[in-house]
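Only one structure is covered here, and it is reproduced in the block below.
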Amino acid sequence: MTSLQPERLDIDSLDIAGDNRAKLKALFPSVFAETRDEQGELVESIDFEKLKAELGSFSDVFENRRDRYGMDWPGKKDCIKLVQQPATGTLKPCREESVNFDSTENLFIEGDNLEVLKLLQKSYYGKVKMIYIDPPYNTGKEFIYPDHYAETLETYLAYAGLVDDEGKKFSTNTANEGRFHTRWLNMMYPRLYLARNLLREDGCIFISIDDHEVVNLRNICSEIFGEENFVANIVWQKKYSVSNDDPGIAAMHDHILVFQKSSFFKRNLFPRTQKQSTRYKNVDNDERGAWASGEYVSSKSRLERPTLWYSIRHPKTGKEVWPDENAVWRYSKEKHLLMESENRLYWGPDGNYEIPRLKRFLAEIKDGVVPSTWWSFNNFGHNDEGQKETGDLLGKKIFSTPKPLRLLKKIIALASSDSDIVLDFFAGSGATAHATIALNVEDKTNRKFIMVQLPEPCDKKSEALKAGYETITDIGVERVRRAIKNIEAERENQTRESEEIISVLTRPLSQIDLGFKVLKLDRSNFKPWDGSNPDGALLICLENEITRDLIDAIAAADPLQFLCLDKAFNGNDQLKANAVQAFNSLNQSRDKAIPIIFKTV
Ligand SMILES: C[S@@+](CC[C@H](N)C(=O)[O-])C[C@H]1O[C@@H](n2cnc3c(N)ncnc32)[C@H](O)[C@@H]1O
């Protein structure tokens, strides 16, 4: 099993523009050249003329055409700038809200997903197998988090009530701006761009959406992922009946857009359900095992398929059997003789059928069912089912828009397998985390999840607030905690009932990750290193392992700067936080103008 533990939580996020330049350099090293800038300093620059030459006539065509196909909206250019702006926050572990903190690799992160996606870039770049998101649909009623303030982390801290909001306005869409697509696109574009970076080459993203934004969403995804990486627009029947108050033509479905990172994504099969498998029986004790019978005739006429119009011999009566002239045999005479010799024709329990049927053996057919774009509520659940599930776990009306577990389990099963990472950065009630864990228990797998959710305050009059949930993150975290408890209790009961069956059929719960770390976005404790070296002692520690005692001894030496190896913390964020704490308290206690600078390399 690969360790998915982030190696380190970096002070800065990935330099996206720098990363793009590195990719370009790997493809076209010759277009990079050393030049002198205006101050006379040597810098690396790109020779765009050379790049054009490398790309041939393609770039020429683009540059000389005024009219070009593509999507634009006010603020699109700022979206790219926003992506490139480094994150400066950090993810602080919150042990008391976590479950099995020391052993789990699952994460439930509270924070604005833009900042968090940036922070995840270094540790999870190219590691996520599948993403499911269910973003605000832009119906005009939901809250859309504002990114247009210059400092995104500061905006977040003000929003989350961690610093004074200095008059910043955070609100749901008002009637004036609700239906404007611009604000929604400016919110989605940078997040999808960053999300793509996190996907593995064989990874994919599923996005729930309704008719308000499906066209725009598909367009921006085509731009970010490439039109050729569009996989499907699934129609999910979210309701089982029309309500009387539905306006116009009742919308009975949501869309689920699927895009792949690259052509490495394999379209998987849905596992065959128990019900589907029970159709296969072995009424004639065939040594090849269970089978189901299928049509031996086609829908074509003798005129359309003259070669499929021939006679075969009835095994019981010995007579010639001809197909109907409007429904000739399905296979050529040659193939028929082969199938006859292999005993693949079924003439009924007493051998008295007038025409045969074909035996299809369970062991020979593909190990699953090919997915289609039509997902009915019968097989995939519906919105009321999602409501009932959260209601049963947390109490009624605690969260208004949960997706049903059946839908999420099917999506996760289709696009990921054992040990893969599943990401949802609009987590809401944490249904994706719940579905991942439930599926792991059913499938004996160990997929990991990463949830990201804004601490959106619950409405003042809401049932959620009355029940003690202050934010949506509180709801999500509690949901996953209770889901884990229920799974453990259920397994406990089953084990008592039949210990033998459990051990044969299921992976022991101890091998499934039934925990999650809660991390919260906050300001970094680490002071950015500005390269200057104030007078005074610089203490460098190159030990491969740092302990609490060592930290105390170093702090006691009272250095002005302290430098150590990041790997020496062995991924122990708690120990690192303790080190920061130790130096902070020293700074407060010693009455000096220059604080200790603590830096890891
Ligand atoms: C439609 S709900 C998701 C529901 C979820 N699929 C479920 O089944 O419970 C969308 C969620 O995205 C959250 N959200 C909106 N903007 C966000 C942001 N910038 N960062 C993180 N979460 C955000 C909202 O608070 C809301 O809970």
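The values are calculated or read from the model by the stated rules, or taken from the named source; none is laboratory data. From a predicted model like this one, the values you see are computed outputs, not experimental measurements. Don't worry about glycine lacking a Cβ; one is built from the backbone with ideal geometry, like all the others, and counts go over all protein chains shown. With ligands, DNA and RNA removed, areas are computed over all heavy atoms of the protein, side chains included. Shrake-Rupley method; radii C 1.70, N 1.55, O 1.52, S 1.80 Å.
Quick check, is TYR145 within 13 Å of the ligand (Cβ to nearest atom), over 23 Å from PHE259 (Cα atoms) and either in a loop (DSSP other than H, G, I, E, B) or not charged (D, E, K, R) (or both)?
Yes, satisfied.
Can you tell me which residue in the range 79-114 is modelled with the lowest pLDDT, limited to those that are of a type in the set (D, E, K, R) and within 16 Å of the ligand (Cβ to nearest atom)?
Across the range 79-114, the extreme among qualifying residues is ASP112.
Sort out which residues of the range 354-397 are more than 20 Å from ILE411 (Cα to Cα) and in a strand (DSSP E or B), and write them in order of number.
If the condition is that a residue be more than 20 Å from ILE411 (Cα to Cα) and in a strand (DSSP E or B), then ARG357, LEU358, LYS359, ARG360, PHE361 are the ones that fit.
For the structure I just gave you, tell me whether LEU153 is open to solvent by less than 10 Å² (accessible area, probe 1.4 Å) and assigned by TED's automatic domain parsing to the domain that holds LYS448.
The answer is yes for LEU153.
Output the residues belonging to the range 352-378 that are of a type outside the set (Ser, Thr, Tyr), surrounded by fewer than 13 Cβ atoms within 10 Å (Cβ to Cβ) and farther than 19 Å from ARG288 by Cβ.
ASN352, GLU354, VAL370, TRP374, ASN378
Identify all residues within the range 301-314 that are open to solvent by 90 Å² or more (accessible area, probe 1.4 Å) and within 14 Å of TYR353 (Cβ to Cβ); write none if there are none.
Result: ARG313, single match.
For ILE475, only one of the following conditions fails: (1) more than 19 Å from SER98 (Cβ to Cβ); (2) more than 16 Å from the chain's Cα centre (by Cα). What is its number?
So ILE475 meets the others, but not (1).
SER419 passes all but one of (1) touching a residue at least 60 places away in the same chain (Cβ under 8 Å); (2) in a loop (DSSP other than H, G, I, E, B); (3) in contact with a helix residue (DSSP H, G or I) (Cβ under 7 Å, 6 or more places away or on another chain); which number fails?
Of the numbered conditions (1) touching a residue at least 60 places away in the same chain (Cβ under 8 Å); (2) in a loop (DSSP other than H, G, I, E, B); (3) in contact with a helix residue (DSSP H, G or I) (Cβ under 7 Å, 6 or more places away or on another chain), the odd one out for SER419 is (3).
Being touching a helix residue (DSSP H, G or I) at 6+ places or on another chain (Cβ under 9 Å), at pLDDT below 95, within 30 Å of GLY161 (Cβ to Cβ) and not β-branched (Val, Ile, Thr), is that true of even one residue in the range 427-438?
No: the range 427-438 contains no residue that is touching a helix residue (DSSP H, G or I) at 6+ places or on another chain (Cβ under 9 Å), at pLDDT below 95, within 30 Å of GLY161 (Cβ to Cβ) and not β-branched (Val, Ile, Thr).
Given (1) in contact (Cβ under 8 Å) with a residue 12 or more places away in the chain; (2) surrounded by fewer than 11 Cβ atoms within 10 Å (Cβ to Cβ), identify the lone condition not met by VAL235.
Tallying (1) in contact (Cβ under 8 Å) with a residue 12 or more places away in the chain; (2) surrounded by fewer than 11 Cβ atoms within 10 Å (Cβ to Cβ), VAL235 fails exactly one: (2).
Which pairs turn up if I take residues in the range 249-261 that are free of Cβ contacts under 8 Å to residues at least 60 places away in the same chain and over 16 Å from GLU213 (Cα atoms) and look for partners that are among the β-branched types (Val, Ile, Thr) and open to solvent by 40 Å² or more (accessible area, probe 1.4 Å) with beta carbon separation below 6 Å, at least 6 apart in sequence or on another chain?
ALA250/VAL242
So in the range 398-452, with the set limited to residues that are more than 9 Å from the ligand (Cβ to nearest atom) and hydroxyl-bearing (Ser, Thr, Tyr), which one is nearest to LEU199 (Cα to Cα)?
Here the residue is SER416.
What residue, of LEU91, LEU117, LEU162, is open to solvent by less than 20 Å² (accessible area, probe 1.4 Å), in the same structural domain as SER416 (by TED's automatic domain parsing) and outside any strand (DSSP E or B)?
None of the others qualify; the one that does is LEU117.
Quick one: what pairs do we get from the range 383-404, first residue more than 14 Å from HIS434 (Cα to Cα), second of a type in the set (A, V, I, L, M) and near the ligand (Cβ under 9 Å from one of its atoms), C-beta under 7 Å, 6+ apart or different chains?
ILE398/ILE475; PHE399/ILE475
If you take the residues in the range 149-162 that are modelled with pLDDT of 85 or more and among the aliphatic types (A, V, I, L, M), which one is nearest to GLY89 (Cα to Cα)?
Out of the qualifying residues, it is LEU153.
Give the residue, chosen from GLY351, GLY318, that is assigned to a loop (DSSP other than H, G, I, E, B) and without any contact (Cβ under 8 Å) to a residue 12 or more places away in the chain.
GLY318
Scan GLU385, GLU342, GLU334 and give me the residue that is at pLDDT 95 or above, among the charged types (D, E, K, R) and under 51 Å from the mean Cα position of the chain (by Cα).
The conditions single out GLU385.
One residue is enough: does the range 460-471 have a residue meeting the conditions under 15 Å from GLU110 (Cα atoms), modelled with pLDDT of 95 or more and hydrophobic (A, V, I, L, M, F, W, C)?
Taking every residue of the range 460-471 in turn, none turns out to be under 15 Å from GLU110 (Cα atoms), modelled with pLDDT of 95 or more and hydrophobic (A, V, I, L, M, F, W, C).
Only one of ASN352, ASN326 is assigned by TED's automatic domain parsing to the domain that holds ARG279 and within 22 Å of LYS281 (Cβ to Cβ); which?
None of the other options fit; the residue is ASN352.
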